[in-house]
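Worksheet: one structure, shown below.
The values are calculated or read from the model by the stated rules, or taken from the named source; none is laboratory data. Since we're looking at a predicted model, the values are computed, not measured. Virtual Cβ from ideal backbone geometry, glycine too; neighbours counted across all protein chains shown.
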Amino acid sequence: MKKTALTDIHRQLGAKMVEFAGYDMPIQYTSIRAEHLRVRETVGVFDVSHMGEFRVTGPDREAFVDYITVNDVKSLAVGQVQYSCMCKPHGGIVDDLLVYRFPDHIMLVVNGANVEKDWNWVNENKRGNVQLTNETDDITLLAVQGRKAEPLIRKLTDTDLSKIKFYWFAEGKVAGASAIISRTGYTGEDGFELYFANRDALTIWNALFEAGKEFHYEPIGLGARDSLRLEMKMCLYGNDIDETTHPLEAGLGWITKLNKGDFCGRQKILESKEAGLKRKLVGLEVEGTGFPRHHYPILGVNDSKQIGTVTSGTVSPCLNKGIAMGYVPTELSAIGSEVRVDCRGRIFPAHVVKTPFYQRPY
């Protein structure tokens, strides 16, 4: 397994370690529930250095990235971040990713489990005068998430964080080290993702902990990252989206700019839209003590026929009820539609609810 620049620190802190995306990663330090609530209540940090970073340079970089992603790259200003997807010609999702626009290059941030696949995909579809560099192994990425993230990081930087809007970034220094300071995250909370060189990882990690004492700052594992993103109905690649799903049925029509011009997968996605979507990804609230999990069957109300599958599920630490995501026939996708979930042989009523499941109180 690969190690991040901080793997040894996680082990020293007593984290439970697992293999994830080829890396030795912390799944939890204390408990998933406690870590989840720490992020919701104050602030915590995730080591997500397994994520991939690709640098795109050359005069045709904008046109190239615009072709391989579904969102409108031409609309990005320097310093802005964009959530997007890459799709196969048949419309299936290769990966979801972030697109960062710098003055002289574009950075693509892809899922850790897909780095090799994505790297091959962007190279296979390279067009125009562009150069690609895989910087994944050179960068440490920390996600500092929670309502106290800004006052914490403010103690370590001269960059005016109040001027960094949601899905924008700045280049500055954190604890004296050069870093990209991005107001993004995967938790639904305010927060920042910090990109910096591996050599500065221990310095920034220790500085964050020293500055964060007054905010009850804690390290958070990937287990809580999963439950936090699920409360916000944020898709997880490999669960909620993959090459068998296209952006519109996954509820990602808001990032799929069919009118921007040609892009990979556009024709098939457009055809699906014109034909009418046959299924949609919805949020489900499970009644009683049901604990929905990935792959559990979703059933109709009047018989035992399976109509869908839970793609992600848990008992929400904040809501104290079972919540899930799953694809159901379009006619059952309206808010309030009733279904049932088979939780290892026990059948629980469920209904489609408005998402995100959790609304932050600030």
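Which condition number does Asn129 fail, the rest of (1) assigned to a loop (DSSP other than H, G, I, E, B); (2) surrounded by fewer than 17 Cβ atoms within 10 Å (Cβ to Cβ); (3) touching a strand residue (DSSP E or B) at 6+ places or on another chain (Cβ under 7 Å) being met?
(3)
Say we look at region 264-288 and pick out the residues that are among the small types (Gly, Ala, Ser) and not in a helix (DSSP H, G or I); which of these is nearest to Gly92 (Cα to Cα)?
Among residues in region 264-288 that are among the small types (Gly, Ala, Ser) and not in a helix (DSSP H, G or I), the one nearest to Gly92 (Cα to Cα) is Gly265.
Restricting the search to region 181-208, which residues are free of Cβ contacts under 8 Å to residues at least 60 places away in the same chain and either hydrophobic (A, V, I, L, M, F, W, C) or in contact with a Pro (Cβ under 9 Å, 6 or more places away or on another chain) (or both)?
Ile181, Phe192, Leu194, Phe196, Ala197, Ala207
Inspect region 87-108 for any residue being more than 21 Å from Thr140 (Cα to Cα) and aliphatic (A, V, I, L, M) and give the result as yes or no.
yes
How many residues are in contact with a strand residue (DSSP E or B) (Cβ under 6 Å, 6 or more places away or on another chain), without any contact (Cβ under 8 Å) to a residue 60 or more places away in the chain and either assigned to a loop (DSSP other than H, G, I, E, B) or of a type in the set (Phe, Trp, Tyr) (or both) when one looks only at region 77-117?
Of the residues in region 77-117, 2 are in contact with a strand residue (DSSP E or B) (Cβ under 6 Å, 6 or more places away or on another chain), without any contact (Cβ under 8 Å) to a residue 60 or more places away in the chain and either assigned to a loop (DSSP other than H, G, I, E, B) or of a type in the set (Phe, Trp, Tyr) (or both).
If you go through region 16-24 one residue at a time, do you hit one that is in the same structural domain as Met107 (by TED's automatic domain parsing) and in contact with a His (Cβ under 6 Å, 6 or more places away or on another chain)? Working first, answer last.
Taking region 16-24 and keeping what is in the same structural domain as Met107 (by TED's automatic domain parsing), we get 16-24.
Of the ones still in play, those that are also in contact with a His (Cβ under 6 Å, 6 or more places away or on another chain) are 21, 23.
Checked region 16-24: at least one residue is in the same structural domain as Met107 (by TED's automatic domain parsing) and in contact with a His (Cβ under 6 Å, 6 or more places away or on another chain).
So, of the residues in region 305-335 that are in contact with a strand residue (DSSP E or B) (Cβ under 8 Å, 6 or more places away or on another chain) and assigned to a loop (DSSP other than H, G, I, E, B), which turns out to be nearest to Leu37 (Cα to Cα)?
Among them, the one singled out is Ser316.
Surrounded by fewer than 21 Cβ atoms within 10 Å (Cβ to Cβ) and assigned to a helix (DSSP H, G or I): which single residue out of Glu243, Glu214 fits that description?
After ruling out the rest, the residue left standing is Glu214.
Contact list please: Cβ distance under 8 Å, first residue in region 46-64 and within 16 Å of Ile106 (Cα to Cα), second residue surrounded by fewer than 17 Cβ atoms within 10 Å (Cβ to Cβ) and of a type in the set (Asp, Glu), pairs at least six apart or on different chains.
Sorted first by the residue in region 46-64, then by its partner, the pairs are Glu53/Glu135; Phe54/Glu135; Arg55/Glu135; Thr57/Asp104.
Val144: closer than 24 Å to Gly79 by Cβ and without any contact (Cβ under 8 Å) to a residue 60 or more places away in the chain, yes or no?
On the way: closer than 24 Å to Gly79 by Cβ: yes; without any contact (Cβ under 8 Å) to a residue 60 or more places away in the chain: no.
Criteria not met by Val144.
Report, ordered by the first and then the second residue, all pairs with beta carbons closer than 6 Å, sequence separation of six or more or different chains, a first member in region 291-320 that is over 14 Å from Asp226 (Cα atoms), and a second member that is part of a strand (DSSP E or B) and basic (Lys, Arg).
Pairs that qualify, where the first residue is over 14 Å from Asp226 (Cα atoms) and the partner is part of a strand (DSSP E or B) and basic (Lys, Arg), are Leu299/Arg340.
Residues in region 201-210: is at least one at pLDDT 95 or above, of a type in the set (Phe, Trp, Tyr), crowded, with 16+ Cβ neighbours inside 10 Å and in a loop (DSSP other than H, G, I, E, B)?
There is no residue in region 201-210 that is at pLDDT 95 or above, of a type in the set (Phe, Trp, Tyr), crowded, with 16+ Cβ neighbours inside 10 Å and in a loop (DSSP other than H, G, I, E, B).
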